[in-house]
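Derivation of every value follows stated rules applied to the coordinates shown; laboratory data play no part. Since the model is a prediction, treat every value here as computed from it, not as a measurement.
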Amino acid sequence: MKENFFQSFKKKSLKGRFLFVIGMSFFLLYLVLGLLIIFWKELPLAMSGNFRLLFGVVLIVYALLRFVRYFNSNTND
């Protein structure tokens, strides 16, 4: 599977590789932001604990949905 991924990555154009890097960057950004909101207690956000947890979970779920949607769209190409 790993070799198949690298072969398909090498076959992509420069634009396809750039979009892959951007997509993975935003996935990681949303994931880290969600984790920061949940676990960093001194983060300067005026939110109660329940809303912080909910907002962090929503960001993590959104990041996972972006990740799954990106790889499902790549398997069709």
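Expressed in nm to one decimal, what extension gain is obtained for the pair Leu54 and Lys15 from 0.36 nm per residue of sequence separation less their Cα-Cα distance?
Length difference between fully extended and current span is 10.5 nm.
Counting alpha carbon pairs within less than 8 Å and at least 6 residues apart, what relative contact order, in whole percent, applies to the stretch 13-60?
44
Among rounded, prolate and oblate, which fits the stretch 19-77 when a ≥ b ≥ c are the square roots of the eigenvalues of its C-alpha gyration tensor, a/c under 1.5 means rounded, and a/b larger than b/c means prolate?
prolate
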